[in-house]
Amino acid sequence: MSVKEIETKKFVKNKFSEYYREHSSSIQPPTLIEKREFGFLMFKGRIMVRHKSFKNVDDLSKNLKTLVPSDAYYSSAYYERPEEKMEEKSWLGADLIFDIDADHIPTPCAKIHDTWVCNNCNIAGKGVLPEKCPACGEPRFNEKTWPCEVCLESAKIETLKLMDMLKQDFGFSSKETNLYFSGHRGYHLHVESEEVQSLDSMARKEIVDYIIGIGLETKLHGLVEERGARKARVLTGPNLEDPGWSGRIARGTYEFLLTATPSDLEEIRLKRKVIDTLTQHKETNLEKWKEKGPWGIIKGVDTASWRKIAQHGAEMQSAKIDTVVTTDTHRLIRLNNTLHGKTGLKKIEVPVTGFESFDPFKSAIAFKEGTLKIIVQDAPKFRLGDQTYGPYKNRQVELPTAAALLLLCKGRAKVKEEK
Amino acid sequence: MAKYPFTNEATEYAKELELKIEDISEPILNRAEHRIEEALLDAPVREQLVKEDVEISSFPVAVMMVASTADKLMKRRYALTEAKRAFNLLKEEKRDKILEVKNVFNWKIRPVDDKPPYKFALFFTDYLKNATRIQAKKWKLVNRIVLNGEVYLPKYDTVRLLQEEVRVHIEKKLDVKEKIALPQNVADRVERLKQAFTKQKGKIELEGFPKEVVISAFPPCIKHMYDGITSGHHLSHIGRFTLTAFLTNISMTTEEVVNLYRSLSDFKERLTRYQVEHIAGARGSRTKYIPPRCDTLRTHGVCTGMDEVCRSIRHPLAYYREKMRTIKVKAQ
């Protein structure tokens, strides 16, 4: 680490310290704070200080003020003795947590704002991280991501799908679910209800598979061939208004047929003839759906093709959550109203009702006053609040504190020496 | 009550009879012993019930006897057999009776009349607790109708879930940490059962493997299934296929693979032999099958989590080859 980098880190830490001194009263403790484990990622050495526990929110706030961590976490789990070693904590239960992170979603921006450098040969690239270095074949990289608006919009769409399932299918009330912006590239959804607390990892995995649609069989949702009048083979399937995944399969298929281009149909490996039939009769097919579903009424579209279409349609209805976070019953998750070390933005609660118009790049700003002079190495064009900045390349700029801090935290800029 | 002796009602009844272990009557002991024989020694299941009080009392006595053995495999087998007995009886019952039994386990369930073929709506957490232990695709939550926190189920599936609940319930009853002191006459019976079971198991004692098969080179998923099967754990269809295909591919003989499955409660030699030979390519299409790739195993929940070697391969056989290579290198 260069002198400049150390200075930058120190600078960011000072800013974080300022925030925790002034905003300690806004720290929101998790329910049953005394049963939770806390963990803090420190600026120095990127060390995780774990197995902390606090009796009340005052102790927690004091700790944040003195420790000034880069990131603050608490356990989704409740423990009898949260400060003990893992095997001696005595697990009592855990909230059900969902994490939707742009990292796990293919986005229209193709992550062109992300950069990576191979740890082995130092070759650099832009966009989605390759599995192996194209030059030397090593799989380890130093990755610099960027929280872009397109990414977060994609994350929002996935979150909305998730929320629909949790409400309609699982019957969770808005009282039991809390939605948060993570402060970086996605959203967290916490379900706190007695009924889910005792679910083990296996049960949570089933919920994950449900949300993502892993193992979905259209056959088991009634997409089957039946013998109709005069022994003619008729395909029957779920209806648009059916509950749960049955309806989702129907709606997904409808939406897919509505929007699919011939190349989309080709991508799911339909036969040429089938693609032609579907394209030619698109309007009439969709019209007919209103009566009793499209299944089996289109000549030239066989059962196997329908299965492919339905499977793909269903896939578009699934919500791309991080599978590990939800299945882990000992997970540490970011504490609400604390700063994200990678952005200087804060994790904040998002009102469920106004979610669609929620603007993370406005609401999550923690530092609202003053400006900073920094030297930017490389930054894409970005927006924070109502202002748009960049792109910058090896330039000295004076930016509002929040924008400057974002670049500093992201490792895209360094502090300017004061003379 | 006599049919479902694990219910609280039956337990209360048995308590009222003030059973003292010293003076349990001969008929109760006989019935208890037979219950255990049915489970462990494949004795024919007695369909007709004996006198009600004998039937009810014989269950806690049998539980005590099995618990006293401290033998995990015996306990598992006994719990499974009792649960299956309950399943066979329950599936013939009317809906009201089934709803009575669910009270024992505090299930949140209600009858459904307006959504044929569904007969019950079960709260999803109760569903998950039991369904995650059953492997077929229809048991995945994603393949069920889930609405407003409830899973819609036909009668048969509801009863099948109850079987799981009963099995775990009895396993818990059997899981006694302290040593149980039995009067001599009862202890003698237990000893006899134990010996008969060991003799039966003797048939299933595993033979040594040829030198070529190196267990320490198994990938985690295979190791997990292998350990499970040798201690009598249930294994899913795809799990059995994967394990069998893996083992036959690393040159284990049909005989050895068949022997491996002997400790399973649903073991049928002829069928197992047929299936193993089929997978090994000695039958039917003569195709020698290989186990599924890692990503397929992941979807089917066979993957138990990756270790360092897993990260560099995409197939369990590739793992084995890779690990064997490093073992050989180390040996040199």
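The values are calculated or read from the model by the stated rules, or taken from the named source; none is laboratory data. Computed from a predicted model, the values in this text were never measured in an experiment. Neighbour counts run over all protein chains shown; Cβ positions are idealised from the backbone, glycine included.
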If you go through B:GLU47, B:GLU12, the only one that is under 23 Å from B:GLU93 (Cα atoms) and modelled with pLDDT of 65 or more is B:GLU12
By residue number, the members of the range B:102-137 that are touching a helix residue (DSSP H, G or I) at 6+ places or on another chain (Cβ under 7 Å), assigned to a loop (DSSP other than H, G, I, E, B) and within 13 Å of chain A (Cβ to nearest Cβ) are B:TRP107, B:LYS108, B:THR132, B:ARG133, B:ILE134, B:GLN135
Check B:LEU161 against each of (1) within 14 Å of chain A (Cβ to nearest Cβ); (2) over 26 Å from B:LYS72 (Cα atoms) and name the one condition it does not meet. (2)
Helices (runs of 4 or more DSSP H) fully within the range A:216-300 counting 1 or more residues that are within 14 Å of chain B (Cβ to nearest Cβ) and either surrounded by 12 or more Cβ atoms within 10 Å (Cβ to Cβ) or in contact with a Lys or Arg (Cβ under 7 Å, 6 or more places away or on another chain) (or both): A:244-259
Anything in the range B:138-155 that is aliphatic (A, V, I, L, M) and facing chain A (nearest Cβ under 7 Å)? List them, or say none. B:LEU141, B:VAL142, B:ILE145, B:VAL146, B:LEU147
State whether one or more residues within the range B:268-290 are part of a helix (DSSP H, G or I), aliphatic (A, V, I, L, M) and closer than 30 Å to B:GLU37 by Cβ. yes
Residue under evaluation A:ARG204, criteria (1) without any contact (Cβ under 8 Å) to a residue 40 or more places away in the chain; (2) at the interface with another protein chain (Cβ under 9 Å from one of its Cβ atoms); (3) among the charged types (D, E, K, R), criterion not met: (1)
Answer yes if at least one residue in the range A:323-332 is part of a helix (DSSP H, G or I), away from chain B (no Cβ under 14 Å) and under 34 Å from the mean Cα position of the chain (by Cα), and no otherwise. yes
Name the residues in the range A:55-68 that are in contact with a Ser or Thr (Cβ under 9 Å, 6 or more places away or on another chain) and either within 27 Å of A:THR323 (Cα to Cα) or among the hydroxyl-bearing types (Ser, Thr, Tyr) (or both), would you? A:SER61
When residues of the range A:5-54 are limited to those that are basic (Lys, Arg) and either outside the structural domain of A:VAL68 (by TED's automatic domain parsing) or touching a helix residue (DSSP H, G or I) at 6+ places or on another chain (Cβ under 8 Å) (or both), the one nearest to A:ALA404 (Cα to Cα): A:LYS15
Under the condition of being surrounded by 15 or more Cβ atoms within 10 Å (Cβ to Cβ), more than 15 Å from A:PHE358 (Cα to Cα) and charged (D, E, K, R), which residue from the range A:136-180 is farthest from the other protein chains (Cβ to nearest Cβ)? A:LYS144
Residue satisfying condition, being free of Cβ contacts under 8 Å to residues at least 24 places away in the same chain, of a type outside the set (Val, Ile, Thr) and touching a helix residue (DSSP H, G or I) at 6+ places or on another chain (Cβ under 9 Å), within set A:ALA310, A:ALA250, A:ALA260: A:ALA260
